[in-house]
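Enquirer: First the structure, which I've put down as structure tokens, then a few questions once you've had a look.
The values are calculated or read from the model by the stated rules, or taken from the named source; none is laboratory data. Keep in mind that what you see is a predicted model, and the values were worked out from it rather than measured. Please note: Cβ atoms are built from the backbone with ideal geometry, for glycine as well, and neighbour counts cover all protein chains shown.
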Amino acid sequence: MVNAPSPATTERAQSQRSAGPVAGRRGGTRHRRHQTVVACLFLAPTLLFFAVFLILPLGFALLLSMSHWAGFDLGGIRPVGLDNFTRLFADGSTFLVPVLTHTLLFALGTVVLALTGSVLVATCIDRLRFQGMWRTVYFLPIVTTVVAVGNVWKYMYEPGGLVNGALNTLGLGSVAFLQDPDTALPSVVVVQAWASFGSAILVLTAGLKSVPASYYEAAALDGAGPVVVFRDITLPLLRPCLLFVCITQFLTGLQSFALIIVMTKGGPGDATDVAALEMYQQAFSYGDWGTASAAAFVLFVVVLMVTLAQLWIFRRKGEDA
């Protein structure tokens, strides 16, 4: 005969079963809280670095963009509201034309030349032997300082320099590349595009390696020529790499400063004056940090809009970047 459990035993068992899930939930909550604390401790150095070197300077720049400050003495900061932004776009201001116009033209010219040239060069390298050597040769300008690149090309552009010597050999007259306002900006654009070939070629050659060889074999069986293969197979499959190169080259062009100050210092006149150089002059030459900060935020908005526009265009063509 089996003895039936007593009422006290039954009640105790039921209370233990009901307390089990509650205790499990409490234990899980404590475990998650512990994981959160540990994660915050590991992220603290990075977050501190991020706050000190990005958030605080960004906030200070925003404060300066709505203030008048001559530098050095923090007590001399005087709020002026949106006057700095208004002055940038007022009648007679040179920021919109020619400074911002030159900036966009410089960036656009750099993208067109660098993207076109790097695609052609990367396609040729992909068909050559010793590809590593060729990639290294084209990457050398990247590891060379901008000051060295600018000075070398500056001497090459001189009336007695290498470029004019080659033109004279071909029976053409000398060109005042950096002294003529009509040719100064295109001349610096060529140097910027040449200096940025290396990184673009590395990205594009890697993209070409990822294209399956079976696609080219199928195209050859169908009798497709090189131009058709390049247009209908290579370029569409290179779209992610092209998007990356296009955006990075455009951002580099919009923020270009060192090359221009080395080669032309914004001259002749204001033919090569761009936004980054204008910000530098406003802050360090004229002591107007408020206007320089306002120009920096305007350039930030331009960079953001251009980047979003590029992403939108590529995504409309079927590329999820």
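Enquirer: Collect the residues in the stretch 34-68 that are of a type in the set (S, T, N, Q) and surrounded by 11 or more Cβ atoms within 10 Å (Cβ to Cβ), keeping them in residue-number order.
Expert: Answer for the stretch 34-68, where residues must be of a type in the set (S, T, N, Q) and surrounded by 11 or more Cβ atoms within 10 Å (Cβ to Cβ): 65, 67.
Enquirer: Now for a separate question. Between residues in the stretch 114-133 that are free of Cβ contacts under 8 Å to residues at least 60 places away in the same chain and in the same structural domain as residue 230 (by TED's automatic domain parsing) and residues that are of a type outside the set (Lys, Arg) and surrounded by fewer than 19 Cβ atoms within 10 Å (Cβ to Cβ), which pairs lie under 9 Å by C-beta distance while being six or more apart or on different chains?
Expert: Partner pairs satisfying both residue conditions: 124/134; 128/134.
Enquirer: Right, here's the next one. For the stretch 253-265, which residues satisfy the criterion of being buried (at least 16 other Cβ atoms within 10 Å of the Cβ), within 20 Å of residue 156 (Cβ to Cβ) and not polar (S, T, N, Q)?
Expert: Residues satisfying the conditions are 259, 260, 261, 262, 263.
Enquirer: Just one of the numbered conditions (1) within 28 Å of the chain's Cα centre (by Cα); (2) closer than 30 Å to residue 262 by Cα; (3) hydroxyl-bearing (Ser, Thr, Tyr) is not true of residue 174; which one?
Expert: Just one mismatch for residue 174, condition (1).
Enquirer: Oh, and also: For the stretch 271-301, give me the residue count where each residue is surrounded by 16 or more Cβ atoms within 10 Å (Cβ to Cβ) and assigned to a loop (DSSP other than H, G, I, E, B).
Expert: So the count comes out to 5.
Enquirer: Please go through (1) crowded, with 19+ Cβ neighbours inside 10 Å; (2) within 26 Å of residue 186 (Cβ to Cβ) for residue 241 and return the number of the only condition it doesn't satisfy.
Expert: All conditions are met except number (2).
Enquirer: Okay, next question. Across the stretch 162-181, which residue is surrounded by the most Cβ atoms within 10 Å (Cβ to Cβ) among those that are closer than 26 Å to residue 118 by Cα and without any contact (Cβ under 8 Å) to a residue 24 or more places away in the chain?
Expert: Per the stated criteria, the residue is 177.
Enquirer: Can I ask one more? Assess whether residue 142 counts as being touching a Gly at 6+ places or on another chain (Cβ under 7 Å), surrounded by 14 or more Cβ atoms within 10 Å (Cβ to Cβ), at pLDDT below 90 and not hydroxyl-bearing (Ser, Thr, Tyr).
Expert: Taking the combined requirement at face value, the residue satisfies it.
Enquirer: Just one of (1) surrounded by fewer than 13 Cβ atoms within 10 Å (Cβ to Cβ); (2) hydrophobic (A, V, I, L, M, F, W, C); (3) under 25 Å from residue 114 (Cβ atoms); (4) modelled with pLDDT under 90 trips up residue 220, so point out which.
Expert: (3)
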